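Reading through the structure tokens given below for one structure.
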Amino acid sequence: MRCVDVQFTPADHLQIVAWIEDASGHFLDTVFITQETGMFGLGNRPGRFDFNSGPLWPYGRRVTTFPVWSHRNGFAFPTVLFQNDQNEDPSYCAALPPGQTAFLSCGENQLSHSSAQSSHELHYCRPRAPTEPSFDSLTCASPAYSDKGRFSTDPAMTTGYPPRSDLVPTQFDSASVAQYKATNPFDAVSAPTPIGGTLATVAWPVPASYADGDYVMFVEVSQESDFNASYNAMAYPSPAQIAYDSYGVPYRGQPSVLYEVPFSIAGGATSASTMTFAGYGDPNGLDGNIRPPDATITTDTPASGASRLELVADGSGMYRVKVAVAEQDPSELPGAPAQLTATAVTSSDLTMAFVAPGLGSAGQRVAGYEIRMRANDAMTADNFESSTQVTTSVAPGEPGSAQAFELTGLLPKTDYWVGVRAFDGCHHPGELSIVKVTTADRESGEVDACFVATAAYGSMLANDVTALRAFRDRWLETNVLGELGVEAYYTFGPALAGVIGESDLLRATMRDVLAPIVRSVRSLLHR
């Protein structure tokens with residue numbers, strides 16, 4: 001099997017998409033897209049494209065995120081509009097940049113919407129003003145509700161950006177919401193934004209239908225508020241003539257930048273890379289043309305403009321994007337990570353170490369690692385894939401070298417099983433290594449949350465425990481009676497959890513007791 005491996009080291013808070021074209025410029029496939037755009041609909045959600053922005057901002061279809069990709073990918077999704085868009089004053093559209101009126105109806109100017117058209121929001125927050133203490137927070141200050149929009153019925157109003165695929169329809173949503181997930185084809189290649197300053201690797205198995213020959217890998221990278229002298233809040237200010245225009249801040253800085261890597265798929269291994277950017281996308285998202293590099297794009301500032309992807313040393317050279325193609329023999333799998341152990345243990349954190357395995361008989365470097373953990377329940381090869389995945393990144397070292405990673409946010413005096421396995425360039429997994437570690441006792445003054453539920457389900461990371469914690473954060477801790485209940489739980493919960501956790505029968509009984517509560521909580525969270 002042949003696989004394409006794309007490597008880059010991003011700055012923080014980027015939107016990234018990678019796709020392949022043939023040598024003639026025909027779009028072939030999307031191999032990677034950050035989930036904010038691929039899953040949460042950043043490019044196709046209700047609201048004007050030039051709405052202000054802020055942390056977890058809910059509205060405004062960001063057609064400037066990947067304009068080149070969105071115009072080349074061959075998809076034509078119906079544009080998502082606010083449910084009440086037909087009732088607005090058409091004069092609001094007069095202030096839009098030329099060409100944008102074709103993609104906006106006159107109801108796209110509102111940040112406040114009827115409760116009858118707004119459902120509970122589990123990803124974004126409500127719009128906030130910069131003067132609010134919570135403005136810079138990456139969590140919602142209070143329960144949020146949003147209009148999830150509806151598909152336009154105008155055949156001319158289409159876009160290359162997918163709608164959200166994370167929603168469960170409610171009575172307050174339009175009928176279109178039930179179609180969003182089925183319409184979005186990018187779930188399989190959507191992934192969280194890579195951690196800034198850390199090597200990111202995208203593996204893509206080459207379909208058998210792809211002939212040997214020349215191809216091109218494109219990587220388009222976008223970042224809000226990447227301001228410079230040419231692109232800033234003065235040049236691209238907040239939209240005029242809309243209600244609540246004091247909410248959010250202007251976000252339109254430098255446009256998306258593109259990296260282009262011609263590479264070959266042949267009988268053996270090939271490799272290609274680029275140190276420079278190929279150009280940039282339309283600042284207003286109106287077309288898919290690549291503008292050639294010019295002085296308006298910053299080139300000498302780390303994490304900005306053309307340097308959103310870092311320069312990485314590679315032998316005697318450097319690259320920002322590297323593409324490698326190799327044959328992977330499924331029988332030549334990675335070995336097991338050796339000497340997996342905890343080198344530091346506290347009540348809430350573990351530092352883990354192991355020795356890097358090699359790949360196959362030649363002992364080459366592996367492509368990456370999959371790390372999972374399990375609490376109060378022994379991990380085995382059979383339940384590894386159902387265990388909680390750890391998102392920490394470990395850059396693979398040479399076989400025999402020391403590797404390390406940290407696990408945080410754990411419970412005190414709790415048994416954890418940690419499993420690590422390496423994979424090759426086609427993500428074929430190797431042998432699994434598992435170790436049991438018990439966290440230290442709680443230090444004086446430390447307080448945990450969700451004691452009883454965690455004891456019952458075995459892990460604070462279990463899905464049902466996560467739902468209960470979300471209910472506590474979004475509902476109980478936002479009112480006085482709820483706060484009193486939480487304080488009482490913190491007082492008596494640890495002792496009760498200790499009794500439950502020591503008995504399989506009591507743990508099973510408590511899960512039965514919590515089951516109807518969890519069902520009610522999930523229903524409430526999705527309203």
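Every number in this text was worked out from the coordinates using simple rules, so none of it is lab data. The shown structure was predicted, so the numbers you read here are calculated from the model rather than taken from an experiment. Reconstructed Cβ throughout: ideal geometry from the backbone, glycine too, with neighbour counts over all protein chains shown.
How much FRET efficiency would the formula 1/(1 + (r/R0)^6) give for residue 346 and residue 136, where r is the Cβ-Cβ distance and R0 is 25 Å, rounded to 0.05?
Details: r = 29 Å, r/R0 = 1.16.
My answer for the efficiency is 0.30.
Estimated translational diffusion coefficient (Stokes-Einstein, Kirkwood radius over Cα pairs, 20 °C, 1.002 mPa s) of the range 400-444: 165 µm² per second. In this calculation the C-beta distance from residue 240 to residue 76 is compared with R0 = 25 Å, giving a FRET efficiency of 0.25. Along its first, second and third principal axes, ordered by size, the range 103-241 spans 56, 43, 31 Å in Cα coordinates.
At 4 °C and 1.567 mPa s, what whole-number value in µm²/s does Stokes-Einstein give for the translational diffusion of the range 334-444, with Rh from the Kirkwood sum over Cα pairs? Reported coefficient: 91 µm²/s. Determine the distance separating the Cα centre of the range 170-244 from the Cα centre of the range 336-360; give it in Å without decimals. About 34 Å separates the Cα centre of the range 170-244 from the one of the range 336-360.
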